[in-house]
Amino acid sequence: MKSEKLKSVRIFSGIQPSGDIHIGNYLGAIKQWIALQEKNDCVFCIVDWHAITVPYEPKLLRQKIKEVTATYLAAGINPKKSVIFVQSHIKEHAELTWLLNTITPIGDLQRMTQFKDKSKKYGGNISAGLFNYPVLMAADILLYQTELVPVGQDQKQHVELAREIARRFNAKFGDTFTLPQAQIMKIGAKIMSLAEPTKKMSKSDKPETRIGLFDTAEQIKKKIGSATTDSGKEIEYNPEQKPGISNLLTIYSLFANKTIKDLENEYAGKNYQTFKQNLAELLIEKLAPFRTKKAEFEENPEQIGKVLKEGAEKARAIAQTTMEKVRATMGLL
Ligand code: ATP
Ligand code: LTN
């Protein structure tokens, strides 16, 4: 029987060059991207303008942008199949952000949980850029007429706002933007911190709270060994009462390609220490190829420059087409 070919859809997603990519970024976002690029029209961005909405070190930013690019490549994003580019290389992102700001109610931005969390974290030092962050993200998504946005759970609210902004724009000025939708993994969309398993694993927390995609065997052993577990000794999945071991079971399951049920059976009657040792070994084995590939890309910095230059050219062509429509429909000369 002839299998029906699925229609290719426009996919857009991005990561901030705000620190070292961790397994949460990989399991929640990048892993989906790699699968999606086979049959779809994918655009993946390094969102440097988002990364500067909180205090940052200018001397390190350029390096981090290159590192995130090397990470995309090492993880398996193929520049022949997907467009890879840096947000600030395409000025249309700033232009569309301004225009979308004019139709975005302040109240919508005030309810964003990421804004509330980051405002608390950086208390007293809150920029208008941090407040407008979701509008820039909406511009990223809408410029490329995106249908699907593969992200982790924490970004769902922002993608829903982008959809609402597009809906409002289309109603006011005429059909211009595709309405985007978030695509979120059923398992792995929110990997928790190793130290505080009720908080999400994050690039901007201390290194011991996360496993970096390029961590060494020693670092992995140490971090998994000291990851917070819960009282009791059963290895069972219960995120409410046993958030620590449940998080480790989720990570194990996704890297081993085994169900959580199978792991619970396999580890029935065994202790946390054995489980943690095996998980560390698994991560060392599964993450080793990423380290090797990243080192290869780092030896060849011209390749990163070339990928970003070609990516920007392809991205610009799409962004300019959308902006011509937007300017015309909004009555700009
Ligand atoms: P920061 O701490 O600087 O805000 P971050 O670790 O949250 O960084 P982002 O650049 O904001 O990383 O996110 C990149 C992608 O990774 C997004 O799709 C986001 O939803 C996803 N992601 C981030 N943290 C996790 C996590 N702990 N589990 C699953 N997905 C995650
Ligand atoms: N805010 C996102 C990063 C991001 C993004 C986007 C994700 C910026 N623009 C567009 C998807 C689509 C985050 O992960 N913190």
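Bear in mind that the values in this text are calculations on the coordinates, not laboratory data. Note that the coordinates shown come from a computational prediction; the quantities given were computed from them, not determined experimentally. Here Cβ is always computed from backbone atoms with ideal geometry, including for glycine, and neighbour counts include all displayed protein chains.
With a ≥ b ≥ c taken as the square roots of the eigenvalues of the C-alpha gyration tensor of the range 262-333, please select rounded if a/c is under 1.5 and otherwise prolate if a/b is larger than b/c or oblate if it is not?
The shape class here is oblate.
Taking a ≥ b ≥ c as the square roots of the eigenvalues of the Cα gyration tensor of the range 119-185, is the shape rounded (a/c under 1.5), prolate (a/b larger than b/c) or oblate?
Judged from the Cα gyration tensor, the range 119-185 comes out oblate (a/c at least 1.5, b/c at or above a/b).
Residue separation times 0.36 nm, minus the C-alpha to C-alpha distance between GLU218 and GLU160: what's the value?
16.8 nm
Can you tell me the relative contact order of the range 223-333? Whole percent, Cα pairs under 8 Å, sequence separation 6 or more.
Numbers: 64 pairs, mean separation 23.5, N = 111.
Over the range 223-333, the number comes to 21 percent.
In a GNM of the chain with a 10 Å cut-off on Cα contacts, which of LYS39, LYS31, LYS309 has the highest mean-square fluctuation?
LYS39
Compute from the Cα atoms of the chain the Rg and the Dmax, the latter being the longest Cα-Cα distance, and quote both in angstrom.
When restricted to Cα atoms, the chain yields Rg and Dmax of 20.8, 72 Å.
For GLY14, which sequence-distant residues (separation of 5 or more, or a different chain) have an amide H within less than 5 Å of its own amide H, given hydrogens modelled in the peptide plane?
CYS45
If R₀ is 25 angstrom, what is the calculated FRET efficiency for the pair LYS325 and LYS81, using the beta carbon separation as r and rounding to 0.05?
0.40
Could you give the size of the charge dipole of the chain about its Cα centre, using +1 on the Cβ of each K and R and -1 on the Cβ of each D and E, expressed in debye and rounded to the nearest 20?
Charge dipole of the chain: 280 debye, to the nearest 20.
Once Rh for the range 138-224 is found with the Kirkwood sum over Cα pairs, what is the Stokes-Einstein diffusion coefficient at 20 °C and 1.002 mPa s, in µm²/s?
Details: Rh = 15.2 Å.
The Stokes-Einstein estimate is 141 µm²/s.
Can you find, among GLN183, LEU279, GLY269, the residue farthest towards the positive end of the dipole of the chain? Put +1 on the C-beta of Lys and Arg, -1 on that of Asp and Glu.
Of the listed residues, the answer is GLN183.
What residue among LEU282, LEU179, LEU73 shows peak mean-square fluctuation when the chain is described by a Gaussian network model with Cα springs under 10 Å?
The residue that fluctuates most here is LEU282.
Quick one: if you stick a label point 7 Å off each Cα along the C-beta vector at THR113 and TRP98, how many nm between them?
Distance between the two pseudo-spin positions: 3.4 nm.
Enter the angle in degrees (range 0 to 90, nearest 10) between the Cα long axis of helix 301-330 and the first principal axis of the Cα atoms of the chain, meaning the one along which they spread out most.
Between the helix axis and the principal axis of the chain, the angle is about 50 degrees.
Starting from the Cα-Cα distance between LYS309 and THR259, subtract it from 0.36 nm times their residue separation and give me the gain in nm to one decimal.
Working: separation 50, 0.36 × 50 = 18.00 nm, distance 4.13 nm.
So the extension gain works out to 13.9 nm.
HIS22's amide H: which non-local residues (gap 5+, or another chain) put their own amide H closer than 5 Å, with H modeled 1.01 Å from N in plane and none for Pro or chain starts?
LEU213
What is the helix-to-structure angle for 243-256, meaning the angle in degrees between its Cα long axis and the longest Cα principal axis of the chain, kept from 0 to 90 and rounded to the nearest 10?
Roughly 80 degrees between the two axes.
How high is the relative contact order of the chain, in percent, with contacts defined as C-alpha pairs under 8 Å that are six or more residues apart?
Here the relative contact order equals 22 percent.
Enumerate the amide H contacts of LEU194 below 5 Å, restricted to partners 5 or more residues apart or on another chain; note that Pro and chain-start residues carry no placed amide H.
It is ARG210, by chain and number.
Given the alpha-carbon gyration tensor of the range 161-293, what are the semi-axes of its equivalent ellipsoid in whole angstrom, ordered largest first, with each equal to the square root of 5 times an eigenvalue? Walk me through the intermediate numbers first.
On the way: eigenvalues 254, 66, 41 Å².
Sorted largest first and rounded, they come to 36, 18, 14 Å.
At 0.36 nm per residue, and after removing the present C-alpha to C-alpha distance, how many nm does the segment from THR198 to ARG168 gain when stretched out fully?
Additional length available on full extension: 7.2 nm.
Would you give the gap between the C-alpha center of the range 107-153 and the C-alpha center of the range 24-57, rounded to a whole Å?
15
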